[in-house]
Amino acid sequence: MTGNALNIISWLYTFDDKEKLFDIKEHKERRSLSQNAYAWELIGKLADAMRMSKEEMYVRMLQNYGQSLLIPVELNTKPNGYFKYYKYHGRSVINEKVADWYVVYKGSSEFDTKEMTIFIDGIIQECSNLGIPTLTEEQIRKMKLI
């Protein structure tokens, strides 16, 4: 169910089984397919201009404008079986144990609208820096609302 707090509380009171458990989380709009298509279009143009693959450019844009976490990993454990996008950050001691730290990046398919907007804004700035044409501000604003 999606609704405001009052609607959800009212709905919960309709259950006779008061022992039943529910998970409640804040609703966030997912990024739109038009946002995703536009991001990949620009990533392709940037990749061509920089003479690299789309995947390499995508990872670069995730690193520069995406969402990330810094996580400790047990020594000699590679995170590639757990995370698709990551890079090594360093080594340190935690609770008397040595750990390798990695920055792991969320893939854009998991972005909500706000995260995707930040991502696209960064990609647009990169395009502008290289003289690659982008949509007008009005066209971009409409896309972000879709």
- Too long for a 26 Å Cα-Cα cut-off, among K84/K142; K87/K142; K54/K84; K45/K106, are K84/K142; K87/K142
- Over the alpha-carbon set of region 84-146, work out the extent along each principal axis and list the three values in angstrom, largest first. 55, 27, 17
- Task: Quick one: grab the alpha carbon gyration tensor of region 32-81, order the square roots of its eigenvalues as a ≥ b ≥ c, and give me rounded if a/c is under 1.5, else prolate or oblate depending on whether a/b is larger than b/c.
- Result: prolate
- Query: From the Cα gyration tensor of the chain, with a ≥ b ≥ c the square roots of its eigenvalues, which class applies: rounded if a/c is under 1.5, or else prolate if a/b is larger than b/c, or else oblate?
  - Reply: oblate
- Using only the alpha carbons of region 43-108, determine the length spanned along each of the three principal axes and report them from longest to shortest in whole angstroms. 48, 19, 18
- Query: Leaving out same-chain residues fewer than 8 places away, which lysines sit with a Cα under 26 Å from that of K20?
  - Reply: K28
- Message: Sequence gap at least 6, Cα distance under 8 Å: using those rules, report the relative contact order of the chain to the nearest whole percent.
- Response: 28
- If you put +1 on each Lys and Arg Cβ and -1 on each Asp and Glu Cβ, how big is the dipole of the chain around its Cα centre, in Debye rounded to 20? 280
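Taken together, the values in this text are just the output of simple stated rules run on the coordinates, not laboratory data. Predicted, not measured: the structure shown is a model, and the values here were computed from it. Cβ sites come from the backbone with ideal geometry, for glycine too, and all protein chains shown count toward neighbours.
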